[in-house]
Each structure stands twice: as C-alpha cells, then as structure tokens.
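The values are calculated or read from the model by the stated rules, or taken from the named source; none is laboratory data. Everything numeric in this text was worked out from a predicted model, so none of it was measured. With ideal geometry, Cβ positions are generated from the backbone for all residues, glycine too; neighbour counts draw on all protein chains shown. Quick note on the areas: whole protein, heavy atoms, side chains included, nothing else; ligands and nucleic acids left out. Shrake-Rupley method; radii C 1.70, N 1.55, O 1.52, S 1.80 Å.
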Amino acid sequence: MIVDEAIRFFAEFGFEGQTRALAKRLGVTQPLLYRYFPDKESLVERVYEEVYLRRWNPGWEHLLRDRSRPLHERLCVFYEEYANAIFSYEWVRIFMFGGLRGVNINKRYLSIIREHVLLPVCRELRLTAGLDEASPPVSEAELECAWALHGGIFYIAIRRWVYGLPAVHPIEATIANQVTAFLEGAPEAIRRIVEPAE
C-alpha cells in the first residue's frame, strides 16, 4: 500500500514531495511510514525496483540479437513491447522528475538501456553496414545513433504524459515508421563513423 501510493505521489509531485505529505495521503503517521522505510532514499529505491526493474524483460536482449529475424522486425517488436511496458503516467513522470532532481534512478536505468539495448543495436547495425561487429569497440558516436531512435520513441511518451498532448494511435505504425527511417540512414552513418574517409 505504501509503495503503490508512493509511486502515485512521486509521479504527481516529484521527489521534492515530503514523506510527511505522503503519510498524510496514506492516512498514517510519519513514524509508521519509517517503520517500513527508514528514510526517503529507501522508499525511492523500492519505487525504482517496482516501476523500472520489474517492468524490464530480460528476453529483450535475446530478441535484439536474434539474427533469424530481420533487424527491422526485431526493432519493431522490441519497441512495441517496450512501449507497452513503460508508456504510463507513473513511469514517465517519475523518470523526468528523477532527472530534474538528480535522483540516481535515471543513471542506473540508462546504464541498463546502454548495455542491453543500445550496444546490441549498434552491433547489429554494424553487420547491416557490412562491418565487423566487435572490432573496434563500439564508439560513443555510434551509441549516439542508437540513442536517436530510442529517444525518438520515448519522446512519444513525453508528449503524452509530460506535455498532455493526445496519445499517438496506432503506436505500432508510428514505431514502424521511426524504425524504417532509422534503418534507412543509420547503417551509412555507422559506416562513416567506423571507417571514416581518409
């Protein structure tokens, strides 16, 4: 009950919200709240686990590496499933408030994205571009290409849950269009990064 209300509370007020106000919303005393969570940081940690880690599907990395399927299909399936998992009021707003407040959840979550989404995508792009997937190591410039796709799709959720604009329908078609546009240009960009003209 405390965690569920804390998720709603932080999504609404951000991490500036005080535990005293949260306890009042719950109809309990602040000392009772501290019996379960000794400080605000432990409560934020539990919110991170519930909102971010529990929605993460470890099978996504396998999907992105499954070369029996075309890369376009893999990216579309991944981003459709990812959108279904994270495109919610609580997920998006807590993430934005966390970044503005400097709460550590953003860096930790984005390191998961970097390791388990962006790096695999960069390696798959190298193969699409006819390059060695492993050598040289994936560069920051290559990762920026992958961030462009990831950030563009996440921006759909920002428009809905931060700016209050209408939801995008159908989301599947929008994702497919973004993936198509990405794959039309990204392999050539990767080729130029990895093997610049002399």
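Tell me whether segment 76-85 contains one or more residues that are open to solvent by 20 Å² or more (accessible area, probe 1.4 Å) and in contact (Cβ under 8 Å) with a residue 60 or more places away in the chain.
To start, the set of residues in segment 76-85 that are open to solvent by 20 Å² or more (accessible area, probe 1.4 Å) comprises 77, 80-81, 84-85.
Next, from what is left, pick out any that are in contact (Cβ under 8 Å) with a residue 60 or more places away in the chain: 80.
Yes, because at least one residue in segment 76-85 is open to solvent by 20 Å² or more (accessible area, probe 1.4 Å) and in contact (Cβ under 8 Å) with a residue 60 or more places away in the chain.
List the helices (runs of 4 or more DSSP H) inside segment 54-110, counting only whole elements, that have at least 1 residues being within 16 Å of PHE9 (Cα to Cα).
Helices (runs of 4 or more DSSP H) meeting the threshold: 89-101.
I'd like the full set of residues that are in a loop (DSSP other than H, G, I, E, B) and touching a helix residue (DSSP H, G or I) at 6+ places or on another chain (Cβ under 8 Å), limited to segment 6-27.
Correct list: GLY17 only.
Regarding segment 30-51, can at least one residue be identified that is closer than 28 Å to HIS150 by Cβ and either among the basic types (Lys, Arg) or part of a loop (DSSP other than H, G, I, E, B) (or both)?
Yes, some residue in segment 30-51 is closer than 28 Å to HIS150 by Cβ and either among the basic types (Lys, Arg) or part of a loop (DSSP other than H, G, I, E, B) (or both).
Check TYR89 against each of (1) touching a Gly at 6+ places or on another chain (Cβ under 7 Å); (2) within 14 Å of ILE156 (Cα to Cα) and name the one condition it does not meet.
Unmet condition: (1).
For residues in segment 128-145 being touching a residue at least 12 places away in the same chain (Cβ under 8 Å) and in a helix (DSSP H, G or I), which is farthest from LEU183 (Cα to Cα)?
So the residue we want is ALA141.
Identify all residues within segment 57-74 that are open to solvent by less than 50 Å² (accessible area, probe 1.4 Å) and within 14 Å of the chain's Cα centre (by Cα); write none if there are none.
TRP60, GLU61
Of GLY102, GLY152, GLY164, which residue is closer than 30 Å to GLU16 by Cα and open to solvent by less than 30 Å² (accessible area, probe 1.4 Å)?
GLY152
Take the conditions on the phi < 0 side of the Ramachandran plot, touching a residue at least 24 places away in the same chain (Cβ under 8 Å) and over 12 Å from the mean Cα position of the chain (by Cα) and apply them to VAL47. Does it pass?
yes
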